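The values are calculated or read from the model by the stated rules, or taken from the named source; none is laboratory data. Just so it is clear, the structure is predicted and the values come from calculations on it, not from any experiment. Cβ sites come from the backbone with ideal geometry, for glycine too, and all protein chains shown count toward neighbours. With ligands, DNA and RNA removed, areas are computed over all heavy atoms of the protein, side chains included. Shrake-Rupley method; radii C 1.70, N 1.55, O 1.52, S 1.80 Å.
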Amino acid sequence: MFPSPAERTFRDSMMWRAIAALPFLGLLAWGIYDHSDTQRFDPVLWSFVAVAGLVCVYAFVWAGTRRITFHSEGLSYKSLMSDVDLAWNDIAETRFSQQQVNWGAHFGLFGALVSAAASRGNGQMIRRLEINGQRRIVLNSNIKDVEDAMQLVFQKVNPRIREQSERMLTSGGTVAFGNVSLSAQGVIWKSKQPIPYNSIAKCRLEGPNLKIKWEGKWLNDISVNAKKAPNVFVLLDIIEQRRPALATMTAAAMAGSSANRYL
């Protein structure tokens, strides 16, 4: 536990409480109707009602105790099962992922109700951020205002990681972001030849994937799940700074604007 007071606290959204409550309420209504119709308690039906009620209570207690707090020293995660502290300087990498999900199409009315309870106008985009250091903390769409929490993490962590990466590039080294690497010559995919920065026509997240395309080509030269490229927004910011066509965006890139565009 960090000694300083929490600067910001994020708690669980209504998703899991809604997922647990809707079946319980449905079974409870069915049990009440069955009792009023038959004037007796069906032991099988009411055992299901009891189990669903216990699950519902557990979900509410679990969600109510789960919280993430931001401190000047670092990030804390607390739940019924774990208590994790990560100092900002101990965070080695972040892994971001996102996926568009249509709950209504997959689960009908139930899915639409869950989506309405969980979403915050984000187009039903499911986002997840792994924060890795000596231990791991995961932020996902079950956290209320999770995009704001992710932004705070990037503001604290990305400048340091970017400074280290820029120093390596300046000294003539190569910086690896999973299978994507940066060198002074350009962007390297695995062991292929570099794509020069001034020849990059596209470099952005599209759905779950990071996509980079050489100017004049039809297909993407690189298409990889964003989660497999650690510190993906640092990667995007460095590329944007080095692309001549985006020279006017250098100041914005230094401020971590790539994360702002996706959250």
_Single condition A52 does not satisfy, out of (1) exposed (fewer than 15 other Cβ atoms within 10 Å of the Cβ); (2) touching a residue at least 24 places away in the same chain (Cβ under 8 Å); (3) small (G, A, S)_ = (1)
_V146 being surrounded by 16 or more Cβ atoms within 10 Å (Cβ to Cβ) and out of contact with any Cys (no Cβ under 7 Å at 6 or more places or on another chain)_ = yes
_Pull out all pairs, ordered by first then second residue, where Cβ-Cβ is under 9 Å, the residues are six or more apart or on different chains, the first lies in the range 85-112 and is within 20 Å of R128 (Cβ to Cβ) and polar (S, T, N, Q), and the second is at pLDDT below 65 and not in a strand (DSSP E or B)._
Q100/G123; N102/G111; N102/S115
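Of all the residues that make up the range 178-224, how many are part of a strand (DSSP E or B) and surrounded by fewer than 16 Cβ atoms within 10 Å (Cβ to Cβ)? Let's see the steps before the verdict.
Pass one, the range 178-224, residues part of a strand (DSSP E or B): 180-182, 186-189, 195-196, 200-206, 209-214, 222-224.
Next, only the ones that are surrounded by fewer than 16 Cβ atoms within 10 Å (Cβ to Cβ) stay: 196, 201-202, 204, 206, 223.
Residues that pass the stated criteria total 6.
Anything in the range 1-39 that is basic (K, R) and either at pLDDT below 90 or surrounded by 17 or more Cβ atoms within 10 Å (Cβ to Cβ) (or both)? List them, or say none. Let's see the steps before the verdict.
At the first step, the residues of the range 1-39 found to be basic (K, R) are 8, 11, 17.
Hit for the range 1-39 is R17, nothing else.
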*Single residue of W30, W62 found to be touching an Asp or Glu at 6+ places or on another chain (Cβ under 9 Å) and part of a helix (DSSP H, G or I)*: W62
*Give me a count of the residues in the range 56-77 that are among the aliphatic types (A, V, I, L, M) and farther than 12 Å from L139 by Cβ.*
4
*What pairs come up if the first residue lies in the range 134-149 and is touching a residue at least 24 places away in the same chain (Cβ under 8 Å), the second is of a type in the set (S, T, N, Q) and part of a strand (DSSP E or B), and their beta carbons are under 7 Å apart, counting only those six or more places apart or on different chains?*
V146/N140
*Can you tell me which residue among D85, D42 is closer than 30 Å to K227 by Cβ and open to solvent by less than 60 Å² (accessible area, probe 1.4 Å)?*
D85
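Residue by residue through the range 35-59, note down the ones that are of a type in the set (S, T, N, Q) and part of a helix (DSSP H, G or I).
Residues of the range 35-59 of a type in the set (S, T, N, Q): 36, 38-39, 47.
Of everything in the range 35-59, those that are of a type in the set (S, T, N, Q) and part of a helix (DSSP H, G or I) turn out to be S36, T38, S47.
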*Taking strands (runs of 3 or more DSSP E) that do not extend beyond the range 76-177, which have at least 1 residues that are touching a strand residue (DSSP E or B) at 6+ places or on another chain (Cβ under 8 Å), aromatic (F, W, Y) and modelled with pLDDT of 95 or more?*
93-100
